[in-house]
Amino acid sequence: MTDESTVKKNFLTEEIEADFASGRYTGKILTRFPPEPNGYLHIGHAKAICIDFGLAQQYGGGTNLRMDDTNPSKEEQEYIDAIQDDIHWLGFKWANLLYASDYFQQLYDWAVALIKADLAYVDDQTPDQMRANRGTLTEPGTNSPFRDRTVEENLDLFERMKNGEFPDGTRVLRAKIDMANPNLVMRDPTMYRIMHAHHPRTGDKWCIYPMYDYAHGQSDWLEGITHSLCSLEFKNNRELYEWFIDRIAEVCGHPEGVPHKTRQIEFARGNISYMITSKRKLLKLITDGVVAGWDDPRMPTIRGMRRRGFTPGSIKRFWEEAGVAKRENLLEFAKLESFLRDELNKVAQRRMAVIDPIKVIITNYPEGQVEMMTVVNNPEDESAGTRQVPFSRELYIERDDYMPNANRKFFRLTEGREVRLRSGYWIKCVEAIKDADDNVIELHCTYDPLTKGGSNPPADEEGKVRKVKGTLHWVSAEHAIDAEVRLYEHLFTKPKAEDGELMDNINPDSLKTVTGKIEPSLADFNAGDPIQFERLGYFTPDTTSTPEKLVFNRTVTLKDSWAKQQSK
RNA sequence: UGGCCUGUAGUUCAAUUGGCGGAACGUCUGAUUCUGAUUCAGAAGGUUGAAGGUUCAAGUCCUUCCAGGCCAGCCA
């Protein structure tokens, strides 16, 4: 079937392999990814995508992308387009692009056949009455007073529903199953509701629309899907999923005589600490102005993460390594970051950028002199080559890289201590200049001309070589350009973002915008290009960045054991 | 007081289907390092939710209990 050593095993692969081993399916695996186009795809959808597309790929089959467009009151073309774009960006290709609305006529014909078989009826109850008569978790429901209408009357009413004779919400078509079933989903579920809404695909052709339960299983069946993999919350619906397919098979048969019935298997959705994946709540973050939109780099949407600088590879690897099971889970965001850094480390070009600048004046360096320093672009990838970076008398370094009266554990600059400027020179701090309010505004240092390029100085008469513990990044003040740098942190303050009131858990510091001094060559990158600001983290130009006004998003910080030690 | 599902290191998953409980991420050491990064080496971390039972042998099978999740939309 496939090279099984490449397939990470889980209960889904076990079931799939058993289904082919037992002869239930003889052809190739065919899965489907059925997003509802009522919002943008997020990291949770990415899990489903990795499973639906990834598994089919591993077993040599295909995946249909099917827009689940059964509710035109919430769905829009904008989302239909964005979903396709996001899936492509993740690197997956679908076998067929389909729409649940492709089957509206077939579904309608089947509904008529089910009415004729006395398996469906038109109910005139109000939503409130239906709810009251559904019973509760512990009590059975009661039959609708309209349940025993004649087939003729049902046929007539349903056709008139379709013809638009009744206002929204006045009638529904229901399956006639069992109002006492312990599974509430089976208590005469609604198949069609009246909705005079314009549909992005079918326009105004229909004013009745099928419910998810009446559309999904049959769509799978029509397409010959072998495995319909979905999240756990649909477990209860599986009984109904199969009921519709079985009844239709009995009453009508499959239009193309497809022999097999689709197998629905449910898995647990993946939750990630400090993130949420509820479309409703994501939308609220936007409408409340907490974030700027669906593609805000703090959003867990594919678009937001893409803009932030995440790579498709890291997202896919994250879900592969996470595995699939049926228990509630909360994956650590740190795990995602780990795979992100792992990939970025290999591909990101290194540059120097100072995001909290303090000026350094090298008092013994000739005024007006500029030297070009050769700097390696990516030590992990020799083919990335080198670049020339200007060095001069006045530089900027990171404010954090100086500390007055620092002890020996601080490897950076303090009075009397020497450090290396990466690929520059070794410098020694002589004096910190303060303003009237005692704030350090400038550091006066001296440099050692024998350390050009950052290299070690020659040994002294006794054969000893001076050493430095710290290496700092820097930019030449005269040559540096300004850039807006956006520093992101978790959007929420709690790992379980929804613990308590979501809006009380918003991290006020999720976005900090600073003006940095950056290497001139940083103007040459495009949105999405992975860059490492040395010693700070991975960054990428924002989609709004222009040559006149450069804007960078921090994708993720570098690991920082010094900061961790300090915070203890 | 309904039906269904799930409980294995801090987290997410494995455990050849009844045969010595592992990995990844995280944590902590140490080495290396022109990024306090990377890389490398190592360590700690488990009453397998609990109690009984079957068996030579139980994470795995049986019983009971406990905890958590999903379901009462004309949403998906």
(message) Looking only at residues that are among the acidic types (D, E) and touching a residue at least 60 places away in the same chain (Cβ under 8 Å) in the range A:484-499, which one is nearest to A:S545 (Cα to Cα)?
(response) A:E484
(request) Would you mind stating whether A:A111 is under 30 Å from A:E152 (Cα atoms) and aliphatic (A, V, I, L, M)? (result) yes
(request) Inspect all residues belonging to the range A:126-134 and state whether any of them is basic (K, R), near RNA strand B (Cβ under 9 Å from one of its atoms) and either buried (at least 17 other Cβ atoms within 10 Å of the Cβ) or under 17 Å from A:D188 (Cα atoms) (or both). (result) yes
(request) Could you tell me whether any residue of the range A:46-67 is of a type in the set (A, V, I, L, M) and within 22 Å of A:M195 (Cα to Cα)? (result) yes
(request) Quick one: count up the residues across the range A:416-433 that are small (G, A, S) and more than 15 Å from RNA strand B (Cβ to nearest atom). (result) 2
(request) Please verify whether the range A:402-414 includes one or more residues that are under 39 Å from the mean Cα position of the chain (by Cα), surrounded by 14 or more Cβ atoms within 10 Å (Cβ to Cβ) and more than 9 Å from RNA strand B (Cβ to nearest atom). (result) yes
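Tally the residues that are in a loop (DSSP other than H, G, I, E, B) and buried (at least 19 other Cβ atoms within 10 Å of the Cβ), restricting the search to the range A:423-448.
Number of matching residues: 3.
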(request) Answer yes if at least one residue in the range A:216-225 is under 22 Å from A:A82 (Cα atoms), within 16 Å of RNA strand B (Cβ to nearest atom), within 27 Å of the chain's Cα centre (by Cα) and among the hydrophobic types (A, V, I, L, M, F, W, C), and no otherwise. (result) no
(request) Residues being part of a loop (DSSP other than H, G, I, E, B), under 15 Å from A:M186 (Cα atoms) and in contact (Cβ under 8 Å) with a residue 40 or more places away in the chain: count how many of those fall in the range A:226-264. (result) 2
(request) Pick out the one residue from A:R193, A:R187, A:R238, A:R171 that is near RNA strand B (Cβ under 10 Å from one of its atoms), in contact with a Phe, Trp or Tyr (Cβ under 8 Å, 6 or more places away or on another chain) and not aromatic (F, W, Y). (result) A:R193
(message) Condition first: within 19 Å of A:I481 (Cα to Cα), assigned to a strand (DSSP E or B) and not basic (K, R). Now tell me which residues in the range A:375-401 satisfy that.
(response) A:V375, A:Q388, A:V389, A:P390, A:F391, A:E394, A:L395, A:Y396, A:I397, A:E398
(message) With the requirement that a residue be touching a residue at least 60 places away in the same chain (Cβ under 8 Å) and either away from RNA strand B (no atom under 13 Å from the Cβ) or not assigned by TED's automatic domain parsing to the domain that holds A:A197 (or both), what does the range A:62-79 give you?
(response) A:N64, A:E76, A:Q77
(message) Among the residues of the range A:97-139, what is the count of those that are within 23 Å of A:G224 (Cα to Cα), free of Cβ contacts under 8 Å to residues at least 60 places away in the same chain and in contact with a Leu (Cβ under 8 Å, 6 or more places away or on another chain)?
(response) 2
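The values are calculated or read from the model by the stated rules, or taken from the named source; none is laboratory data. Nothing here was measured: the structure is a model prediction, and the numbers come from that model. Glycine also receives a Cβ, built like all others from the backbone with ideal geometry; neighbour counts cover every protein chain displayed.
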